[in-house]
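What follows is a single structure, written as structure tokens, with notes after it.
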Amino acid sequence: MQEPEKFDMEKTICPHCGSRMLKWRVPPDSTWGVPYQYVCFNDECEYFIKHWKYMLENYRQRASFRHRYNPFNGETGPLPVWSFSAMKSSIIKDEESA
């Protein structure tokens, strides 16, 4: 897969923990309309960790968010997750993206 024209390599670094974000395959039934995004899968990221408590206290939900970057339009934001392993099975390995 080729990177889109608006791709900003700096945005593939999580602004919350400094980890390199991984290319993640968007579910085919999503409304994003892009084949992939970059997501921070660092389980120790402060953004991911603090939202477990926030979601439980404010919404009584056992869920959190991971930071994501859409390289097709430059948008960044949350990716809702329900467990530490949620969405990890859709990480695109280097061989797949070539």
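Per DSSP H run of at least 4 residues, take -39500 (n - 2.57); add these up for the chain, divide by its residues and hand me the 222 nm value, nearest 500 deg cm²/dmol.
-5000 deg cm²/dmol
Can you tell me the orientation of helix 46-59 relative to the chain, as the angle in degrees between its alpha-carbon axis and the longest Cα principal axis, to the nearest 10?
Approximately 50 degrees, to the nearest ten.
Positive end of the charge dipole of the range 9-81 (Lys, Arg +1 and Asp, Glu -1 on Cβ, about the Cα centre): tell me which of PHE72, SER19, TYR59 has its Cα farthest that way.
Ranked along the dipole, the leading option is TYR59.
Set the Förster radius R0 to 25 Å, insert the Cβ-Cβ distance between GLN61 and ASP8 as r into 1/(1 + (r/R0)^6), and round the FRET efficiency to 0.05.
The value I calculate is 0.20.
Match the structure shown to one of the listed values (1) 118, 34, 14; (2) 41, 29, 23; (3) 46, 42, 23 of Cα extents along the principal axes in Å, computed from it, and give that label.
Matching entry in (1) 118, 34, 14; (2) 41, 29, 23; (3) 46, 42, 23: (2).
Run the numbers for ALA86 and ILE49: contour at 0.36 nm per residue of separation, minus the present Cα-Cα distance, in nm.
Extra length from ALA86 to ILE49 when fully extended: 11.9 nm.
Each value in this text was obtained by applying a stated rule to the coordinates, not by laboratory testing. On a predicted model such as this, the values are computed, not experimentally measured, just so you know. Neighbour counts are summed over all protein chains in view; Cβ atoms, including those assigned to glycine, are modelled from backbone coordinates with ideal geometry.
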